[in-house]
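Peer 1: Dropping a structure here in structure tokens format, bear with me for questions.
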Amino acid sequence: MAGADYRVNRNTCLLCLAEVRRTDGCACRKPKPGLLTAAPAYALNRSILVGDRWRDIEAGRQAGCRALVFVDYGYDEPAPVDADTHVRSLAEAADWILKLEDET
């Protein structure tokens, strides 16, 4: 969408306290998609998830996000194989997202 007004809602912060509470099986703990699918409802099929861990990408895939962007900071853990792109910084992620939006 060339010329579109891009806005990010910075007023919503969701977190899972399962690890702090030592709760097993929590539906909102990544890689499960609960935090993404919980209220408030978002149009996940139009949303682009940016994450720096395989768990982020898997949660986005399970939630049905339009695109998955993996920011590779070189952590000592497996990188996701099903991300739509791998980038090295948030700036590169933003560039990729803007190009994707221009193509649609």
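Read the figures in this text as sums done on the coordinates, not as results from a lab. Not measured: the values here are computed from a predicted model. Neighbour counts are summed over all protein chains in view; Cβ atoms, including those assigned to glycine, are modelled from backbone coordinates with ideal geometry.
Peer 1: For segment 37-53, enumerate the residues that are buried (at least 18 other Cβ atoms within 10 Å of the Cβ) and touching a Gly at 6+ places or on another chain (Cβ under 7 Å).
Peer 2: L49, G51 - these are the residues of segment 37-53 that are buried (at least 18 other Cβ atoms within 10 Å of the Cβ) and touching a Gly at 6+ places or on another chain (Cβ under 7 Å).
Peer 1: What pairs come up if the first residue lies in segment 40-67 and is more than 21 Å from E101 (Cα to Cα), the second is among the polar types (S, T, N, Q), and their beta carbons are under 7 Å apart, counting only those six or more places apart or on different chains?
Peer 2: P40/T12
Peer 1: Continuing with the same structure: Might you let me know whether segment 54-65 holds any residue that is over 24 Å from T104 (Cβ atoms) and crowded, with 17+ Cβ neighbours inside 10 Å?
Peer 2: yes
Peer 1: Looking for whichever is assigned to a loop (DSSP other than H, G, I, E, B), among the hydrophobic types (A, V, I, L, M, F, W, C) and surrounded by fewer than 17 Cβ atoms within 10 Å (Cβ to Cβ) here; the options are A91, A83, A79. Which one fits?
Peer 2: Residue meeting the stated conditions: A79.
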